[in-house]
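Every number in this text was worked out from the coordinates using simple rules, so none of it is lab data. The shown structure was predicted, so the numbers you read here are calculated from the model rather than taken from an experiment. Cβ placement follows ideal geometry from the backbone for every residue including glycine, while neighbour counts extend to all protein chains displayed.
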Amino acid sequence: MANIQKILPANVPGEFFVDKTCIDCGTCAWLAPDTFADQNGMAYVFRQPSSEGERMRVHMSVLSCPVGAIGSRMRQGGPGAEAHLPEPIDQNVYYCGYHSAKSYGAASYLIRRPEGNILVDSPRFAKPLIKKIEDLGGIDLMFLTHKDDVADHEKFHRHFGCRRILHEADIGRETAHIEEVIRGDDVQSLSPDIRIIPVPGHTAGSCCLLWREAILFTGDHLSWDSGKKSLYASKHTCWHDWSRQIQSMKRLSGFSFEWVLPGHGARCHLPFDRMRVELAGLIDRMTTTF
């Protein structure tokens, strides 16, 4: 819970604030961009919400903050905020919220499908979220994009009995008992409308998941830069091999998608043609900075 005694001085006066426990994961800034921004490696409230819609986004940020760094001087929860998570995005895909500090605040997603739901990466194992996921049909498969964002995967596995899948290059002590292992760099199909695309670079075993040739779950491989209004890949947080990440980005040029849903960073929705142009531009920038 946020502490008013640790409030950051950058916050504007008003009900909501961010305290000094913020880890700058960026969650609140893209979830409620009309209220939160970043300054000197910390989030802060630059503008208090002025509508019920904006207040709801702030309360969703309170629930989703991995370290509980967002507080309210009124000391009351957001009525109805829990009902808005998971949040529908498009084509039976939901944003889970409830980020975990174990994954440095990475986003996770639920794909709802008759054949069995898929959880992409791990949110925090929070009771309100668990109940909502149960109401949506549970979890059949947990797809882990890479080793950084596995968080509470074991708790979800035990509760839902879901199978977990991760690339062999990213399996470690905490994931040694994964049920299904992705091997090699070939594209694999989970079903006619789901493909696994290995994209080594950020980590050796990073993978994207492509849903219905439209929605790409990218882990930490690819995201949207809200400030520059362009696709983004982080060289600073490339833990494995930047040259391989460039090649992996080029690989994505062979696929069609209109959504980028990342673990860290903002998501984006662009027309297919625009997405191709943006991806080509990113590859040029990555090559220039190599």
For this session: Using only alpha carbon pairs under 8 Å that are at least six residues apart, calculate the relative contact order of the range 4-72 and give it in whole percent.
Result: 37 percent
For this session: Under a cut-off of 20 Å between alpha-carbon atoms, report the aspartates and glutamates in cross-link reach of LYS102, not counting same-chain residues fewer than 8 places apart.
Result: ASP19, ASP24, ASP121, ASP148, ASP149, ASP152, GLU154, ASP170, GLU174, ASP220
Problem set entry | Relative contact order %, the range 1-153, counting alpha carbon pairs below 8 Å whose residues are six or more apart | 18 percent
Exercise. Hey, how many Å between the Cα centroid of the range 225-283 and the Cα centroid of the range 15-69?
Worked result: 25 Å
For this session: Using the Cα centre as the reference, give the magnitude of the dipole from point charges on the C-beta atoms of the range 126-208 (Lys, Arg: +1; Asp, Glu: -1; all else neutral), rounded to the nearest 20 debye.
Result: 280 debye
For this session: Treat every Asp and Glu Cβ in the range 128-269 as -1 and every Lys and Arg Cβ as +1, leave all other atoms uncharged, and give the resulting dipole magnitude about the Cα centre to the nearest 20 debye.
Result: 340 debye
Exercise. Mean separation of Cα pairs under 8 Å and 6+ residues apart, divided by the residue count of the chain: what relative contact order is that in percent?
Worked result: 11 percent
For this session: Please list the non-local residues whose amide H lies under 5 Å from the amide H of ALA43, H modeled 1.01 Å from N, same-chain partners needing a gap of 5 or more.
Result: ASP24
Exercise. Which of the residue pairs LYS155/LYS250; LYS132/LYS250; LYS6/LYS127 have a Cα-Cα distance greater than 32 Å in the structure shown?
Worked result: LYS155/LYS250; LYS132/LYS250
Problem set entry | Karplus-derived HN-Hα couplings along the range 9-23 (A = 6.51, B = -1.76, C = 1.60, θ = phi - 60°), whole Hz, x at Gly and Pro | x, 6, 4, 6, x, x, 5, 9, 8, 10, 9, 6, 7, 3, 9
Problem set entry | Residue among TRP259, GLY219, GLN39 farthest towards the positive dipole end of the chain, charges placed on Cβ | GLN39
For this session: Name the long-range amide H neighbours of ALA266: under 5 Å, sequence gap of 5 or more, or other chain; modelled H, no Pro or chain starts.
Result: TRP224, SER226
For this session: Would you list which aspartates and glutamates come within 18 Å of LYS20, measuring only between C-alpha atoms, while excluding same-chain residues fewer than 8 positions from it?
Result: ASP38
Exercise. If you place +1 on the Cβ of every Lys and Arg and -1 on the Cβ of every Asp and Glu, how big does the dipole about the Cα centre of the chain come out, in debye to the nearest 20?
Worked result: 480 debye
Seminar exercise, completed: For the range 32-44, in residue order, the Karplus 3J(HN,Hα) values (coefficients 6.51, -1.76, 1.60; θ = phi - 60°; whole Hz; Gly and Pro = x) are 9, x, 7, 10, 10, 9, 10, 8, 6, x, 9, 7, 7
For this session: With runs of 4+ DSSP H residues as the only contributors, calculate the mean residue ellipticity of the chain at 222 nm using -39,500 (n - 2.57) per run, divided by the residue total and rounded to the nearest 500.
Result: -6500 deg cm²/dmol
Exercise. If amide H atoms are built 1.01 Å from N in the plane of the peptide, which residues on other chains or at least 5 residues away come under 5 Å of the amide H of SER230?
Worked result: ASP225
Exercise. Hey, if you put +1 on the Cβ of every Lys and Arg and -1 on every Asp and Glu Cβ in the chain, which of VAL12, ILE283, ILE133 ends up farthest toward the positive end of that dipole?
Worked result: VAL12
For this session: Could you run the Karplus curve 6.51 cos²θ - 1.76 cosθ + 1.60 with θ = phi - 60° over the range 123-128 and give me ³J(HN,Hα) per residue in whole Hz, x for Gly and Pro?
Result: x, 5, 7, 10, 4, x
